[in-house]
Amino acid sequence: MADETATPTSNAKTGLTDAFREHFSGDAPFTEKAKNFAKAKPWASAALLGVAAIAVLNSVRGVRS
């Protein structure tokens, strides 16, 4: 019989989700959570920042008409 209380292991698809849950849960300030996530997953946070920057640039580009 399998041990049902064991935590599941992360794979490539759930590793980022587990990192989000680990770093953004709790009562710490949001800036502290974001700093901890950026230290743990620098490539993922850089990609997220890049997507956000493109979204802001596209919205500003539409306003300048």
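The values are calculated or read from the model by the stated rules, or taken from the named source; none is laboratory data. This is a predicted model, so every value here is computed, not measured. With ideal geometry, Cβ positions are generated from the backbone for all residues, glycine too; neighbour counts draw on all protein chains shown. Quick note on the areas: whole protein, heavy atoms, side chains included, nothing else; ligands and nucleic acids left out. Shrake-Rupley method; radii C 1.70, N 1.55, O 1.52, S 1.80 Å.
Being out of contact with any Ser or Thr (no Cβ under 7 Å at 6 or more places or on another chain), open to solvent by 90 Å² or more (accessible area, probe 1.4 Å) and of a type outside the set (Val, Ile, Thr) is true for just one of 24, 30, 20. Which residue is that?
Answer to the check: 30.
Which one is surrounded by the fewest Cβ atoms within 10 Å (Cβ to Cβ) among residues in the stretch 33-65 that are more than 16 Å from residue 19 (Cα to Cα) and hydroxyl-bearing (Ser, Thr, Tyr)? Break it down stepwise before answering.
Of the residues in the stretch 33-65, the ones more than 16 Å from residue 19 (Cα to Cα) are 49-65.
This time we only want the ones that are hydroxyl-bearing (Ser, Thr, Tyr), so: 59, 65.
On the way: 59: 9, 65: 4.
Selected residue: 65.
Give the stretch 49-60 a look and list any residue that's among the hydrophobic types (A, V, I, L, M, F, W, C) and at pLDDT 90 or above, or say none. Show your work before the answer.
Of the stretch 49-60, the ones among the hydrophobic types (A, V, I, L, M, F, W, C) are 49, 51-57, 60.
Scanning the stretch 49-60 gives 49, 51, 52, 53, 54, 55, 56, 57.
Report, ordered by the first and then the second residue, all pairs with beta carbons closer than 9 Å, sequence separation of six or more or different chains, a first member in the stretch 17-39 that is in contact (Cβ under 8 Å) with a residue 24 or more places away in the chain, and a second member that is in a helix (DSSP H, G or I) and not aliphatic (A, V, I, L, M).
Pairs found: 19/37.
Mind telling me which of the residues 30, 24, 37 ends up being at pLDDT below 80 and not small (Gly, Ala, Ser)? Let's see the steps before the verdict.
Details: 30 fails: at pLDDT below 80; 37 fails: at pLDDT below 80.
Criteria check complete, one pass: 24.
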